[in-house]
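Structure first, commentary second.
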Amino acid sequence: MAVRLVDLSQEIYQGMPVFPLHQPTLIFPNLTHEESMKKVGFEFATNNLLINEHGATHTDATYEYDPNGKFIDEMPLEYFYGPAVCLDVSHISPDDYLTSRELEMALKQSQQVLEKGDIVLLYTGHYNRSYGTDEWLTRYTGLDYYGARWLAERGVVNIGIDAPAIDNPKDPKFSGHLVCREYGISNTENLANLNEVAGKRFLYFGLPLKIRKGTGSPIRAVAVFIE
């Protein structure tokens, strides 16, 4: 028996694309090897990191979109770790929505079954096609209200996507987040490499930092396959 990991996380770096309302990511030296040698007689190097809680690959606390929701340090870890299925919806145009019909067809094509407590990742192909381009933050598909509700009603606890948001940027109602608020579930955004896990079931890890009263957290998302 062997364990295979697939990294589903984007790189964190200064100048990385961020949601327009969020703090740009800054990384700068705190201590160089030379400075440490002079101060303590041994070579240590550390950087400082200034990043929004929703920067790069991240997960949301329900408090982000619900004033009565839970902060990230209050949410059960089962929202961020557990059995997962990745649905291939990469044929959907970035100008269209992910509907319940499209999700149902993708699930059928995957030959998987959704179970209560599952995490569902949506492979739209947006990261593969558009990361680093002008369209990355402005043109991508997302869930409509009924598509998001279709997932929530099947007991999904976390909806992930390889785009900046689970909502289509043209959607003024933020339907994906609206459903997450109504059902008290989380979502994970800015995933990468979902083409490597599309149509498959696996064990997912996307654990958040334990930020007191955090509205979300950067994560290192991975898919685990036992082979």
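If the condition is being within 12 Å of the chain's Cα centre (by Cα), over 18 Å from VAL85 (Cβ atoms), not β-branched (Val, Ile, Thr) and not in a strand (DSSP E or B), then segment 164-221 contributes PRO164, ALA165, ASN190, LEU207, PRO208, ARG220. The residue that is least open to solvent (accessible area, probe 1.4 Å), among those in segment 130-144 that are of a type outside the set (Ser, Thr, Tyr) and part of a loop (DSSP other than H, G, I, E, B), is TRP136.
Checking each residue in segment 153-207 for being among the hydroxyl-bearing types (Ser, Thr, Tyr) and closer than 15 Å to VAL222 by Cα picks out THR188, TYR204. Do we find that PHE19 is over 26 Å from TYR204 (Cα atoms) and among the hydrophobic types (A, V, I, L, M, F, W, C) in this structure? Against the criterion (over 26 Å from TYR204 (Cα atoms) and among the hydrophobic types (A, V, I, L, M, F, W, C)), PHE19 does not qualify.
Restricting GLY155, GLY147, GLY160 to those that are buried (at least 24 other Cβ atoms within 10 Å of the Cβ), under 19 Å from the mean Cα position of the chain (by Cα) and not in a helix (DSSP H, G or I) reduces the list to GLY160. State yes or no: is GLY82 crowded, with 16+ Cβ neighbours inside 10 Å and assigned to a strand (DSSP E or B)? Taking the combined requirement at face value, the residue satisfies it.
Each residue in segment 22-43 was checked for being part of a loop (DSSP other than H, G, I, E, B) and either within 24 Å of PHE205 (Cα to Cα) or within 28 Å of the chain's Cα centre (by Cα) (or both), and 4 pass. Of all residues in segment 38-58, those that are in contact (Cβ under 8 Å) with a residue 60 or more places away in the chain have Cβ atoms under 9 Å from Cβ atoms of residues that are surrounded by fewer than 14 Cβ atoms within 10 Å (Cβ to Cβ) and part of a strand (DSSP E or B), 6 or more apart or on another chain, in ILE51/LEU26.
This table checks each residue for (1) under 20 Å from VAL222 (Cα atoms); (2) charged (D, E, K, R); (3) open to solvent by 60 Å² or more (accessible area, probe 1.4 Å); (4) in contact with a strand residue (DSSP E or B) (Cβ under 9 Å, 6 or more places away or on another chain).
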position	(1), (2), (3), (4)
LEU87	yes, no, no, yes
ILE92	no, no, no, yes
SER100	no, no, no, no
LEU103	no, no, no, yes
ASP118	yes, yes, no, yes
LEU121	yes, no, no, yes
THR124	yes, no, no, yes
ASN128	yes, no, yes, no
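The values are calculated or read from the model by the stated rules, or taken from the named source; none is laboratory data. Just so it is clear, the model here is predicted, and its values are computed rather than measured. Cβ: placed from backbone, ideal geometry, glycine included. Neighbour counts: every protein chain shown. Note: accessible area is taken over every heavy atom of the protein model, side chains too, but ligands, DNA and RNA are not part of it. Shrake-Rupley method; radii C 1.70, N 1.55, O 1.52, S 1.80 Å.
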